[in-house]
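One structure below.
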Amino acid sequence: AMVVFAIGMLALAAMFVTQARSNVAARGFTAAVNLGQEVHERLRSEPFASGQLTAGAHIPDGAFLPVNPVDEMGTAGGAFPTIYTRAWDVQDGVPAAGQRTITVTVVWTDEQGANHTVTLSGIRSN
């Protein structure tokens with residue numbers, strides 16, 4: 001009976017460790033999606049002729065958005081264990097004339113040292 005109890009307790013302990021790791025990963029992904037969505041929404045609210053929406057790759061300049069890296073709240077100067085880097089790319093005339101495809105990418109390294117990326121895309125019309 002003690003052996004069965006001990007095996008059950010070991011399985012339960014392993015389950016708690018797995019759950020804790022899953023919670024940390026979920027928090028990182030949630031923060032990345034929120035940061036990416038914030039950038040995407042701000043870009044969609046910019047005038048179509050804005051310099052932030054010119055074709056090509058962009059990074060935060062400090063005036064439009066805080067410079068990279070940021071913490072999970074979007075505050076510049078992110079600190080260990082998790083910092084996020086945001087960037088966006090604009091394609092002019094895609095999928096059609098008078099439209100721009102905006103792709104926002106958020107990259108971070110988690111507490112275990114694994115790299116992650118979240119990408120959000122949308123279309124902005126003139």
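Here are the numbers for the structure shown:
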{"quantity": "Theoretical ellipticity at 222 nm over the chain - DSSP helices of four or more residues, -39500 (n - 2.57) apiece, nearest 500", "calculated": "-13000 deg cm²/dmol"}
{"quantity": "Kirkwood Rh, angstrom, the range 29-73 [1 / mean 1/r, Cα pairs]", "calculated": "11.4"}
{"quantity": "On Cα atoms only, tilt of 2-45 relative to the major axis of the chain in degrees", "calculated": "10"}
{"quantity": "Electrostatic dipole magnitude of the chain [Cβ: Lys, Arg +1; Asp, Glu -1; Cα centre; debye, to 20]", "calculated": "220"}
{"quantity": "Given charges at Cβ of Lys, Arg, Asp, Glu: the range 60-126 dipole, positive-most of GLN91, THR119, VAL106", "calculated": "GLN91"}
{"quantity": "Solvent-free Debye scattering, log10 I(q)/I(0), computed from the Cα coordinates of the chain at q = 0.11 Å⁻¹", "calculated": "-0.48"}
{"quantity": "Fully extended contour minus Cα-Cα distance, from GLN37 to THR103, at 0.36 nm per residue", "calculated": "22.7 nm"}
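Read-outs: derived from the displayed coordinates by stated rules, not from any lab. Just so it is clear, the model here is predicted, and its values are computed rather than measured. Please note: Cβ atoms are built from the backbone with ideal geometry, for glycine as well, and neighbour counts cover all protein chains shown.
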